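Taking it in order: structure first as structure tokens, then the write-up.
The values are calculated or read from the model by the stated rules, or taken from the named source; none is laboratory data. This is a predicted model, so every value here is computed, not measured. Cβ: placed from backbone, ideal geometry, glycine included. Neighbour counts: every protein chain shown. Surface areas here come from the heavy atoms of the whole protein model, side chains and all, with no ligands, DNA or RNA. Shrake-Rupley method; radii C 1.70, N 1.55, O 1.52, S 1.80 Å.
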Amino acid sequence: VRERDVLIRRLGFETTPETLQEVADDYGVTRERIRQIEASATKRWIRESSWDDILEQKISQLMIGRSFPLPVAGIEAIDAWFEGVSVHRVFFRNLVQTVCSDRIHTLHIDGLYYFSLMAQETWGRTVSEASGLLSSGAGREWSEDYARSLVHGLLPDNAKEFGTILWDKSSRLCHFSTSPDGLRVLT
């Protein structure tokens, strides 16, 4: 019963997710003890059920061959198997992060959440690298198409669907001039 309560409170089912400290205070134990209970319950839950494998497989299938990222908020419109997750959006996102964390991640970009095979830290580094790359290209006569291809090339192979968003984020401060031959050139 305690393990179930800890999981429900930490994942935020029908309530706001609670911190380790909030749950620990209610039980009169340390945050570390709650973390241990949560980890143990999660491992047992995953080991004893097959629905986590089904969840991961369903999301993975929806991510294959996409040219644009798969939004968490729109998943139930794409596949009826996910019907009702919008009612428990935070819980669903936390659930995916907990049971599929070794493979599927949820990226938070400009207020929206997307499913990805790339971790949030990797996304942040890639945006930073792309911005730096574009900054270094100023004055080097890079065409917009060439600059865009360099930026897209920074994405891991399993996250190419984020190319448009990466370009939009990293090129916000870029200025392009039109050359005499009609090409837009990074200035």
(message) Looking at the range 73-88 only, could you name the residues that are open to solvent by 80 Å² or more (accessible area, probe 1.4 Å) and touching a strand residue (DSSP E or B) at 6+ places or on another chain (Cβ under 8 Å)?
(response) ILE78
(request) Could you grab me the full set of residues in the range 89-109 that are in a helix (DSSP H, G or I), without any contact (Cβ under 8 Å) to a residue 40 or more places away in the chain and either farther than 28 Å from GLU18 by Cβ or open to solvent by less than 40 Å² (accessible area, probe 1.4 Å) (or both)? (result) PHE92, ARG93
(message) Looking at the structure I just gave you, is LEU112 open to solvent by 50 Å² or more (accessible area, probe 1.4 Å), in contact with a strand residue (DSSP E or B) (Cβ under 8 Å, 6 or more places away or on another chain), hydrophobic (A, V, I, L, M, F, W, C) and within 19 Å of TRP167 (Cβ to Cβ)?
(response) yes
(message) Go through (1) in contact (Cβ under 8 Å) with a residue 12 or more places away in the chain; (2) assigned to a helix (DSSP H, G or I); (3) over 25 Å from LEU95 (Cα atoms) for ARG140 and report which single condition fails.
(response) (2)
(message) Suppose we keep only residues that are surrounded by 15 or more Cβ atoms within 10 Å (Cβ to Cβ) and not charged (D, E, K, R) within the range 30-51. Which one would you say is farthest from TRP81 (Cα to Cα)?
(response) ILE34
(message) Looking at the structure I just gave you, is ALA39 assigned to a helix (DSSP H, G or I) and more than 28 Å from GLY111 (Cα to Cα)?
(response) yes
(request) Only residues that are closer than 30 Å to THR187 by Cα, open to solvent by less than 50 Å² (accessible area, probe 1.4 Å) and either basic (Lys, Arg) or out of contact with any Leu (no Cβ under 7 Å at 6 or more places or on another chain) (or both): list them for the range 115-133, please. (result) THR122, GLY124, SER131, GLY132
(request) Please specify each residue of the range 147-187 satisfying the condition of being surrounded by fewer than 14 Cβ atoms within 10 Å (Cβ to Cβ), under 25 Å from the mean Cα position of the chain (by Cα) and outside any helix (DSSP H, G or I). (result) GLY153, ARG172, LEU173
(request) Within the range 168-187, track down each residue that is farther than 16 Å from GLY132 by Cβ and aliphatic (A, V, I, L, M). (result) LEU183, VAL185
(request) Considering only the range 52-72, state which residues are in a helix (DSSP H, G or I), open to solvent by less than 50 Å² (accessible area, probe 1.4 Å) and among the aliphatic types (A, V, I, L, M). (result) LEU55, ILE59, LEU62, MET63
(request) Go through (1) among the hydrophobic types (A, V, I, L, M, F, W, C); (2) touching a helix residue (DSSP H, G or I) at 6+ places or on another chain (Cβ under 8 Å); (3) in a helix (DSSP H, G or I); (4) closer than 20 Å to ILE109 by Cβ one by one and return the number of the condition ALA77 breaks. (result) (2)
(request) Have a look at SER40, SER86, SER49 and point out the one that is among the polar types (S, T, N, Q) and under 30 Å from LEU155 (Cβ atoms). (result) SER86
